[in-house]
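Each reported figure results from applying straightforward, stated rules to the coordinates on display, with no laboratory input. All of these numbers come straight from a predicted model, not from anything done at the bench. Heads up, the Cβs are rebuilt from the backbone with ideal geometry, glycines too, and the neighbour counts pull from every protein chain shown.
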Amino acid sequence: MTGGPNWSAIAMFAAFVAFTLGITWWAARRTKTRADFYAAGGGVSGFKNGLAIAGDYMSAASFLGISSQIFGVGYDGLIYSIGFLVGWPVILFLMAERLRNLGKYTFADVASFRFAQAPVRSFAAVSTLAVVLFYLIAQMVGAGQLIKTLFGLNYLSAVIIVGVLMTLYVLFGGMIATTWVQIIKAVLLLGCATVMAFAVLFQFGFSPEALFTRAVEVKASIAAANGAAAEQAAAKGLEIMRPGTFLPDWVSAISFGMALMFGTAGLPHILMRFFTVPDARQARVSVLWATGWIGYFYILTFIIGFGAIVMIGTNPAWVTEAGALRTGNMAAIHLAEAIGGNLFLGFVSAVAFATILAVVAGLTLSGASAVSHDVYATVLRKGQANSDEELRVSRITVLVLAMLAIALGIAFEQVNVAFMVSLAFALAASGNFPVLILSLFWKGCTTRGVVTGGLAGVLLALVLTILSKPIWVDILGNAKAVFPYTSPTIFSMPLAFLTIWLVSVLDKSPRAAVDRGGYLHQRVRAETGIGASGASDH
Amino acid sequence: MAEEDSSGDAARYDAVLADPRYQRLVRRRGRFTWTLSIVMLVAYFGYIALIAFDKAALAAPIGGGVTSIGIPIGIGLILLGILLTGIYVRRANKEFDPLVDALKKEAGE
């Protein structure tokens, strides 16, 4: 690619956009109530929801980011994949069915179930918006860079296009359109990744050892070309077979591991997906499908990353003499061109872009529902808002969030995408996750406890992140990072748990007695679903 | 949500709480889910501990080739996650769902 427009990519992209707008038009006619808008009327089957969850989760950071990370440093990229996957079984065992049984539209329904509504929902809205905004920045920046490289557009118009399309999906089609866009994109992405991984393995007679051997040789030859002696070069090549410098110290390793595993269980746009299924059984089935697809996808990206080393690792059009990508995050895209020429490149690019659009739509929807359902309808209107009023506030929020996302996308053009995503995970693991776990499983937990503890965790995670290298040094221009580790979670998540526990234990208010008294009934409903209605308006 | 927790529901919930089938469900499912969760946590944080304290252990080549032991371990963790999920869903469908259905029927749903 020369940076000029790639017409086959643009044609595929236009076809996809036209198709998804058709779906949005169709969904818009079915989106009448807030139950449709937030939760697709609660009528999505477990299989479809599983695909949609997989779609939400296989973001651009996963497909483009992880494959490029593997292309660059090999094994370290796999650590991301593993961490992103192992959160799923834990969500299934401890949360999925209980969420479905207790909640209706947002995870705050669950977190605030037996507590004072206003404070807990206000906390949930704040932490939801924080997670959603950081995640949005990452996706917007990724989309902007992708469109810029592929279509030859400038970054500004690229970001605006993403913002406008995403607004159309969510504004008119709500959760029904978002779910279908997510499902279609998941199928396309899984298809593309399968073709690419198959093509790579085919060249090596389906022997991973042969693929790895060649990749090690390529990395060694790059080292040799850059002046390393034979022995050094061989050692350099072998580095892609083991964990390297990505998590240099033990604090970073454990902290990062915690953020990925527990963060998944606190992402509001993922938790929201459990309200689109009719009952706990379907919630459970959807996690099984989602875990299967996501795991399969990560194994494919591993092969794709190594395939990229072998097939494009020394191509001077895409890679510098030192072996680095000329445009970051584009390893899978270049590999697609090497495998299937311009047409396949166009297809994979369109799918990669669709991936970002769909994830951005899901994020925006969960941010909007936090504002309209949790803050407006419950805190401000004390549950007296009707479906139409709530929908209107949702749609206004979507517009505001879209403008905010575009503005932030422009402001953060230079930020590292993978880092922003891991920050969103750290915030989710330090706020939403401890609040949900303790409100579900600990009788002694009180309103005061979850609000102070949740806020403490989120704030510490934020402050430590600002003090760490990617912001304190790279953006603010200070000489040395105050917080030297990769992720804040090892400090902020235990702080949240401890604070919730301590404040709850010391809480002697009349409200605390109500909170504790509500536990057993909450438990019955969480375990059995008795008294839980579907996501319908009645 | 609180407004739905009418007195009628409260009486139904008290009845379920006293039901031995409910107690059996909660005890068995609780033990099962926490066991599976601990298996996943130990496996994953065991792996993370190797990355934290002994990266070289994952670098050992297997079978005389270049493939390191870290690769099957890593892929194995992904497969373990899927497997545990499958084990839970299977038992939940077979054993826990009928118990829940019986309780729901008793409660008039």
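Going by how many other beta carbons lie within 10 Å of each one, how would you line up A:S255, A:S509, A:S349, fewest first?
Ranked by crowding around the Cβ, least crowded first: A:S509, A:S255, A:S349.
Could you tell me whether segment A:166-266 comes out rounded, prolate or oblate from its Cα gyration tensor? Rule is a ≥ b ≥ c as square roots of the eigenvalues, rounded for a/c under 1.5, then prolate if a/b exceeds b/c, otherwise oblate.
oblate
Counting Cβ atoms of other protein chains within 10 Å of each residue's Cβ and taking the mean over peptide B:73-80 gives 6.
Summary of packing: across the peptides A:319-326, B:99-106, the per-residue average of other C-beta atoms within 10 Å ranks them, highest first, as B:99-106, A:319-326.
Counting Lys and Arg as +1 and Asp and Glu as -1 over every other residue whose Cβ lies under 14 Å from the Cβ of A:S422, the net charge comes to 0. Here segment A:389-420 and segment A:15-76 have alpha carbon centers that stand 17 Å from each other. Taking amide H as placed 1.01 Å from N in the peptide plane, A:S468 has its amide H under 5 Å from the amide H of A:F483, each at least 5 places away in sequence or on another chain. Karplus-based coupling profile of segment B:45-56, in residue order and whole Hz: 6, x, 4, 4, 5, 4, 5, 6, 10, 8, 4, 4, with θ = phi - 60° in 6.51 cos²θ - 1.76 cosθ + 1.60 and x standing for Gly or Pro.
Determine the alpha carbon to alpha carbon distance for each of A:K32/B:K105; A:K480/B:K55; A:K104/B:K104; A:K236/B:K55 and list only those over 24 Å.
A:K32/B:K105; A:K480/B:K55
Near A:V319, the amide H atoms lying under 5 Å from its own belong to A:R326; only residues 5 or more places off or on other chains count, and H is placed 1.01 Å from N. Every helix of 4 or more DSSP H residues in chain A counts as -39500 (n - 2.57), and over all residues that averages to -23500 deg cm²/dmol at 222 nm.
So which of A:K148/A:K219; A:K382/A:K508; A:K382/A:K469 end up more than 32 Å apart, counting from Cα to Cα?
A:K382/A:K469
Shape class of segment B:9-106 from the Cα gyration tensor (axes a ≥ b ≥ c, square roots of the eigenvalues): prolate, since a/c reaches 1.5 or more and a/b is larger than b/c.
Axis of helix B:7-18 versus longest Cα principal axis of chain B: the two differ by about 60°, to the nearest ten degrees. An ellipsoid equivalent to the protein assembly as shown, defined through the eigenvalues of its Cα gyration tensor, has semi-axes of 41, 27, 23 Å when rounded to whole angstrom and sorted largest first. Take each residue in B:15-24, count the other chain C-beta atoms within 10 Å of its C-beta, and the mean is 2. Among the chymotrypsin sites (Phe, Trp or Tyr not before Pro) within segment A:202-270, those in coil by DSSP and having at most 13 neighbouring Cβ atoms inside 10 Å are A:F206. Loop-resident trypsin sites (Lys or Arg not before Pro) (DSSP state other than H, G, I, E or B) in segment B:26-62 with no more than 11 further Cβ atoms inside 10 Å of their Cβ are absent.
Nearest 0.05, what FRET efficiency do B:L79 and A:K382 give at R0 = 51 Å with Cβ-Cβ as r?
0.55
Each helix, a run of at least 4 DSSP H residues, gives -39500 (n - 2.57); summed and divided by the residues of chain B, these come to -25500 deg cm²/dmol at 222 nm.
If I require 27 Å or longer along the helix axis, counting alpha carbons, and a Kyte-Doolittle average no lower than 1.0, what helices from chain A are left? Use full DSSP H segments. Helices meeting the criterion: A:7-28, A:117-151, A:174-203, A:280-312, A:331-369, A:387-411, A:447-466.
Applying a 10 Å radius around every beta-carbon, put A:394-402, A:46-54 in order of their mean neighbour count, most first.
Put in order of decreasing packing, that is A:46-54, A:394-402.
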